[in-house]
Amino acid sequence: MAGPVEIAPSMLAADASELGLECRAVEAAGADRVHWDVMDGVFVPNLTYGPDLVAACRPHTDLPFEAHLMVVDPDRLAPRYAEAGCGTLLIHVETCPHLHRSLAAIRNLGARPGVVLNPHTPASAVSEVLDLVDEVLVMTVNPGFGGQRYLESVEPKISEVRRMISECGRDIDLEVDGGIDAAAAARAAAAGANVLVAGSAVFGHPGGPGRAVADLRAAASSASPRA
Ligand code: DX5
Ligand code: ZN
C-alpha cells in the first residue's frame, strides 16, 4: 500500500538565483523529495533546467530528486537527468509513442520510472504499463507554468488511477502536480493521491517553507483514506 503522504516542492517557484540554498531550505522544512520541472520550450511553452544545473544542486541536499520531463524527446534526455542525480524520472504519456520501451529503459538506468498524465489524458492510457512504474503523476493543471488554478475536474481520474493501482497490487505512488495548496491537498488526498507537488504554496507561503510543508501534510493526512 502507498506510504504516508509525501510533499515534493517544485523548484519552479523557488528563487532561481539560489537553487542550491533553496534545496537546503526545503530539506530543513521537512519536505520528502525535490521536484525539478524540466521544460524544453517545445512540449510546453516554458524553458527551464538543464541537467548540469540539477547536478550542481545535488550536493546541497540528501533529499531524493525527481525530474518531471516535459520534453518532446524524453528517451534522449532521461539518461542525462539520471546522471545528474535524479532517482525518479517522470515521462509524459503524450510524448512517448513507445511508452513501454521508454519506461523499461528508465528502469535499466537504475532510476524509478514514473508516468505522467495531462489533464485531457484518460487513466486508461497507463493501464498497460502499471507493471513497469513506481509512480503515476496525474497533472492537476496544464503543464508549463506554476501558479495556476487546481483543476477539480481531474479528481475522478485520481480516484480511477488509485483503483487501478490497488487492483494491480504493486506499491505505486500516486502523485498530483499543479495548483496544490492546503485545500487542494485535502481534496487530492481524499481522491487517492499520496505524493503532492507544490511550488507556489511552498515558496509563496507567508510563514515560509516549513509552515507550508506542515500545512500541506496536515491537510492531506487528515483527508487521506489511507492515513
Ligand atoms: C507545471 C509543473 C508544476 C508546477 C507546480 O508544469 O509541472 O510542478 O510547477 O507549481 P504550482 O504548485 O505553483 O502550481
Ligand atoms: Zn511538475
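The values are calculated or read from the model by the stated rules, or taken from the named source; none is laboratory data. Quantities reported herein were computed from a predicted structural model and do not represent experimental measurements. Glycine also receives a Cβ, built like all others from the backbone with ideal geometry; neighbour counts cover every protein chain displayed. Please note that ligands, DNA and RNA were not included when accessible areas were found on the heavy atoms of the full protein model with its side chains. Shrake-Rupley method; radii C 1.70, N 1.55, O 1.52, S 1.80 Å.
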Original post:
Just for region 28-52: of the residues that are away from ligand 2 (no atom under 16 Å from the Cβ) and surrounded by 16 or more Cβ atoms within 10 Å (Cβ to Cβ), which one is nearest to Cys86 (Cα to Cα)?
Top reply: Pro51
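For (1) among the aliphatic types (A, V, I, L, M); (2) modelled with pLDDT of 95 or more; (3) closer than 22 Å to Asp15 by Cα; (4) in contact with a Phe, Trp or Tyr (Cβ under 8 Å, 6 or more places away or on another chain), each residue gets a yes or a no:
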{"residue": "Pro113", "(1), (2), (3), (4)": "no, yes, no, no"}
{"residue": "Thr121", "(1), (2), (3), (4)": "no, yes, no, no"}
{"residue": "Val133", "(1), (2), (3), (4)": "yes, yes, no, no"}
{"residue": "Asn142", "(1), (2), (3), (4)": "no, yes, no, no"}
{"residue": "Ser159", "(1), (2), (3), (4)": "no, yes, no, no"}
{"residue": "Asp171", "(1), (2), (3), (4)": "no, yes, no, no"}
{"residue": "Ala182", "(1), (2), (3), (4)": "yes, yes, yes, no"}
{"residue": "Ala190", "(1), (2), (3), (4)": "yes, yes, no, no"}
{"residue": "Phe203", "(1), (2), (3), (4)": "no, yes, yes, no"}
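For region 71-96, what are the residues that are open to solvent by less than 20 Å² (accessible area, probe 1.4 Å) and of a type in the set (Gly, Ala, Ser)?
Result: Ala78, Ala84.
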**OP:** Just give me the residues in region 169-185 being away from ligand 1 (no atom under 15 Å from the Cβ) and either touching a Cys at 6+ places or on another chain (Cβ under 7 Å) or among the small types (Gly, Ala, Ser) (or both), in sequence order.
**Re:** Gly169
Subject >> Residue under evaluation His120, criteria (1) touching a residue at least 12 places away in the same chain (Cβ under 8 Å); (2) part of a loop (DSSP other than H, G, I, E, B), criterion not met >> reply: (1)
**OP:** Might you let me know whether region 102-110 holds any residue that is within 16 Å of ligand 1 (Cβ to nearest atom) and open to solvent by 10 Å² or more (accessible area, probe 1.4 Å)?
**Re:** no
Original post:
Is there any pair with a first residue in region 166-193 that is in contact (Cβ under 8 Å) with a residue 12 or more places away in the chain and a second that is among the aromatic types (Phe, Trp, Tyr) and open to solvent by less than 10 Å² (accessible area, probe 1.4 Å) whose Cβ atoms are under 8 Å apart and which are 6 or more apart or on different chains, and what are they?
Top reply: none
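Just to be sure before I move on: is Val202 open to solvent by less than 30 Å² (accessible area, probe 1.4 Å), within 16 Å of ligand 1 (Cβ to nearest atom), within 16 Å of the chain's Cα centre (by Cα) and touching a residue at least 60 places away in the same chain (Cβ under 8 Å) in the structure I sent? Talk me through it step by step, then tell me what you get.
Working: open to solvent by less than 30 Å² (accessible area, probe 1.4 Å): yes; within 16 Å of ligand 1 (Cβ to nearest atom): yes; within 16 Å of the chain's Cα centre (by Cα): yes; touching a residue at least 60 places away in the same chain (Cβ under 8 Å): yes.
Judged against the criteria, Val202 is a match.
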Original post:
Mind checking which residues of region 121-154 are open to solvent by 20 Å² or more (accessible area, probe 1.4 Å) and of a type in the set (Asp, Glu)?
Top reply: Glu128, Asp131, Asp134, Glu152
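Here is a yes/no grid of residues against (1) out of contact with any Asp or Glu (no Cβ under 9 Å at 6 or more places or on another chain); (2) open to solvent by 40 Å² or more (accessible area, probe 1.4 Å); (3) in a helix (DSSP H, G or I); (4) within 16 Å of ligand 2 (Cβ to nearest atom):
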residue: Pro156; (1), (2), (3), (4): yes, yes, yes, no
residue: Val161; (1), (2), (3), (4): yes, no, yes, no
residue: Ala188; (1), (2), (3), (4): no, no, yes, yes
residue: Ser222; (1), (2), (3), (4): yes, yes, yes, no
**OP:** Considering every residue within region 2-15, establish whether at least one is buried (at least 17 other Cβ atoms within 10 Å of the Cβ), closer than 30 Å to Ser166 by Cβ and at pLDDT below 95.
**Re:** yes
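Suppose the filter is under 15 Å from the mean Cα position of the chain (by Cα), in contact (Cβ under 8 Å) with a residue 40 or more places away in the chain, within 25 Å of Thr121 (Cα to Cα) and away from ligand 1 (no atom under 12 Å from the Cβ); does Val38 pass it? Write out each step before concluding.
Values: under 15 Å from the mean Cα position of the chain (by Cα): yes; in contact (Cβ under 8 Å) with a residue 40 or more places away in the chain: yes; within 25 Å of Thr121 (Cα to Cα): yes; away from ligand 1 (no atom under 12 Å from the Cβ): no.
In short, no.
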